Amino acid sequence: MRTQQNRHVQRVLNVAQSGAALAGPAADPSVARSWLRCLEQHHLDPAQAMAPAVLEHARMLECRERSRQVLEIANGEMSSLHRQLAGSGNAVLLTDARGVILNCVTQQAEQRTFERAGLWLGADWSEACEGTNGIGTCLVERQPLTIHQDEHFRSRHTGLTCSASPVFDPHGDLLAVLDVSSARRDVSRQSQFHTMALVNLSAKAIEGCYFLRSYENEWLLRFHAQAEYIGLFSEGLLAFNGEGRVRAANQSALNLLGMARAELLGRSLETLFDVPLDELFARASPQPGAAWPLRTHDGQLLHAMLRGQRRSTPAALAPRAVPAQAPGLCLQDGQLAEAFRRGLKVYERDVPLLIGGETGAGKEAFARALHQACSRRGKPFVAINCAAIPEALIESELFGYRGGSFTGARKEGMRGKLQQADGGTLFLDEIGDMPLAMQTRLLRVLEERAVVPVGALEAQPVDLRLISASHRDLAALVAAGQFREDLFYRLNGLQLRLPPLREREDREALLDQLLAEEGKGLNVRLDRAARQALLDYPWPGNVRQLRTVLRTLLALCEDDWIGLDDLPGELRAAAPQWPVSALTEDPLAQAERDTLLRLLNAQHWHVSRVAAELGISRNTLYRKLQRHGIRRHG
């Protein structure tokens, strides 16, 4: 036995020294590549006899919980695969994307045999830990493969034969590995062809079920070049939204359409298939039973079924109406109205929203309007600015605390913002400024839907919907290591960008709305030059700056009229010079100007008498004269 192990170690070292595959176990290029990785990248010793590392129980439970959905799907398929192998000596294993064994199906009498070989629940069989093996090398090569006995890197594993196949999620990322391992020495490599085929079929079945479950509430197109193949592992799957844009595709769909995933995602089905969207949606059924022909634009004939609710209104003609209620928002800008429509649609499905836009663009008002327009309108809307709270206080602000948890704490404790938003909406403004430690706790809350206040031992359930906002580029923060990548993807259910004020088409309507809101019933008017100056100004502080300027103008207004001279200096400096003829195009302004001229001429330009007759002060009259460009000549 020792001589056999020494020979295996020498073969491994020869591959490293020659840099080329040998005629023996390393004849397979994937095995040769793996042996070189083990030596050069992972610095492993093929003679090392140490058993695989096994996760402690708590971490094992965490791994299983993260993979709960794929475990539920794979359980029946693994049992079926074990029965199909029709004989003793096999263990069917499922690992996560890191190579940690999460489930094992084998005969009870053989369990100890596989445990002695290191195939424990929680064992890490990644290539970096255990060298060349079915699970770990499959993870690296991302393709089905068999590692037979002496093809293993470590000499202690040369009694195993492992056939493994990757399981991918709908986005093409590795989800799991399905593996069949045998500890029998009489297993030949040729006998594994049948086993490898069964493992690959089972992995594809798990992939398909996972795809269907992930998009069970979405439109789903199932297709193949042969109608009888629909429903089998080789069928193409496309998930898409109500606008007909592709959200996810399996590998078979990419193969059938001859496209890369990045090229396909986001594309409209009308650019792929020679059929109008309304006709496609009209073929939908909650439980489709018959396939129908579907041609691509390049003439390829496919057969398809469409799962979903049949539409009575053609999708291409369906109006994109703005919701009737968007409290506090002016939605006459097309870009903003479309963002609100899309945001409300997905928010009602409990999809978290991430709102981007410049400082002052109205992100909180947008989030509040979404809350008021959705089915939770009567529930709490709780907003918190992550940039405005000192780092030392943000934990207690968000999660609350029990009485006596720390010096200065209230005796009765305090409910945090997350609990205050229970049943409603939590708005986290400037989420990019949240400390990393709090990001970790927030992610846990979002995944578990439960909060543990500071000083408490038991978690308290919360039911909330989340809207986050930031003027910063969160993807760039993730790349810089300043924001958790997993939290970013958890928050980014749908990303919306609010246009800056200078780009909005509804500036005039928004100006009138804000003037009415801030005027609180006052009938204050803007003269033409002042209005145009307010509309033309670039507003670097966006809606917030405009609202502040209007609030100041209204506070200083003495005669229900705001003119160009009343505006702040920077706005006047940026305003064009208007001739008197342009200032008097407003009929009401023209009427006031004519009245003033008539009264002044009647009183022989005695300003005090005209002011008294109008019931206004001399200063107000002088301002009106200046506004209308009225001067006494001669």
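The values are calculated or read from the model by the stated rules, or taken from the named source; none is laboratory data. Keep in mind it's a predicted model, so treat the numbers as computed, not measured. Neighbour counts are summed over all protein chains in view; Cβ atoms, including those assigned to glycine, are modelled from backbone coordinates with ideal geometry.
I'd like the residue in region 599-613 that is over 15 Å from residue 631 (Cβ atoms) and part of a helix (DSSP H, G or I) and, out of all such residues, is nearest to the chain's Cα centre (by Cα). Working first, answer last.
First, the residues of region 599-613 that are over 15 Å from residue 631 (Cβ atoms): 599, 602-604, 606, 608-609, 611-613.
Narrowing further to those that are part of a helix (DSSP H, G or I): 599, 602, 608-609, 611-613.
On the way: 599: 67, 602: 71, 608: 68, 609: 69, 611: 64, 612: 66, 613: 66 Å.
The qualifying residue nearest to the chain's Cα centre (by Cα) is 611.
A search for C-beta distances below 7 Å between a residue of region 368-390 that is without any contact (Cβ under 8 Å) to a residue 60 or more places away in the chain and of a type in the set (Gly, Ala, Ser) and any residue that is assigned to a strand (DSSP E or B) and surrounded by fewer than 19 Cβ atoms within 10 Å (Cβ to Cβ), counting only pairs 6+ apart in sequence or on different chains, returns nothing. Output yes when any residue across region 248-258 is modelled with pLDDT under 90, out of contact with any strand residue (DSSP E or B) (no Cβ under 7 Å at 6 or more places or on another chain) and either not in a helix (DSSP H, G or I) or not aromatic (Phe, Trp, Tyr) (or both), and no when none is. Taking every residue of region 248-258 in turn, none turns out to be modelled with pLDDT under 90, out of contact with any strand residue (DSSP E or B) (no Cβ under 7 Å at 6 or more places or on another chain) and either not in a helix (DSSP H, G or I) or not aromatic (Phe, Trp, Tyr) (or both).
Modelled with pLDDT of 90 or more, polar (S, T, N, Q) and closer than 20 Å to residue 214 by Cα: is that true of residue 285 in this structure? Outline the logic, then answer.
Values: modelled with pLDDT of 90 or more: no; polar (S, T, N, Q): yes; closer than 20 Å to residue 214 by Cα: yes.
No, not satisfied.
Taken over region 54-106, the criterion of being part of a loop (DSSP other than H, G, I, E, B), closer than 26 Å to residue 187 by Cβ and either of a type in the set (Lys, Arg) or modelled with pLDDT under 90 (or both) is satisfied by 85, 86, 87, 88, 89. Among the criteria (1) within 30 Å of residue 342 (Cβ to Cβ); (2) surrounded by fewer than 18 Cβ atoms within 10 Å (Cβ to Cβ); (3) in contact with a Gly (Cβ under 9 Å, 6 or more places away or on another chain), the one residue 483 does not fulfil is (2).
Counting just the residues of region 160-184 that are part of a loop (DSSP other than H, G, I, E, B) and touching a strand residue (DSSP E or B) at 6+ places or on another chain (Cβ under 9 Å), which one comes out nearest to residue 66 (Cα to Cα)? My answer is 169.
Does residue 202 fit the bill of being over 28 Å from residue 298 (Cα atoms), touching a residue at least 12 places away in the same chain (Cβ under 8 Å) and either polar (S, T, N, Q) or not assigned by TED's automatic domain parsing to the domain that holds residue 148 (or both)? Against the criterion (over 28 Å from residue 298 (Cα atoms), touching a residue at least 12 places away in the same chain (Cβ under 8 Å) and either polar (S, T, N, Q) or not assigned by TED's automatic domain parsing to the domain that holds residue 148 (or both)), residue 202 qualifies.
Could you go through region 356-366 and let me know if any residue there is in a strand (DSSP E or B), in contact (Cβ under 8 Å) with a residue 12 or more places away in the chain and in the same structural domain as residue 470 (by TED's automatic domain parsing). Full working, then the answer.
Filtering region 356-366 down to residues in a strand (DSSP E or B) leaves 356.
Subset that is in contact (Cβ under 8 Å) with a residue 12 or more places away in the chain: 356.
Filter once more, keeping what is in the same structural domain as residue 470 (by TED's automatic domain parsing): 356.
Yes, region 356-366 contains a residue that is in a strand (DSSP E or B), in contact (Cβ under 8 Å) with a residue 12 or more places away in the chain and in the same structural domain as residue 470 (by TED's automatic domain parsing).
Counting only helices (runs of 4 or more DSSP H) that fall entirely inside region 410-529 and contain at least 1 residues that are farther than 22 Å from residue 543 by Cα, the qualifying elements are 417-420, 436-448, 474-479, 485-491. Across region 205-219, a minimum of one residue is classified as in contact with a strand residue (DSSP E or B) (Cβ under 9 Å, 6 or more places away or on another chain), buried (at least 16 other Cβ atoms within 10 Å of the Cβ), β-branched (Val, Ile, Thr) and in a helix (DSSP H, G or I). Hey, any hits in region 200-214 for a residue that's at pLDDT 90 or above and within 23 Å of residue 110 (Cβ to Cβ)? Checked against the condition, which is being at pLDDT 90 or above and within 23 Å of residue 110 (Cβ to Cβ), region 200-214 yields at least one hit.
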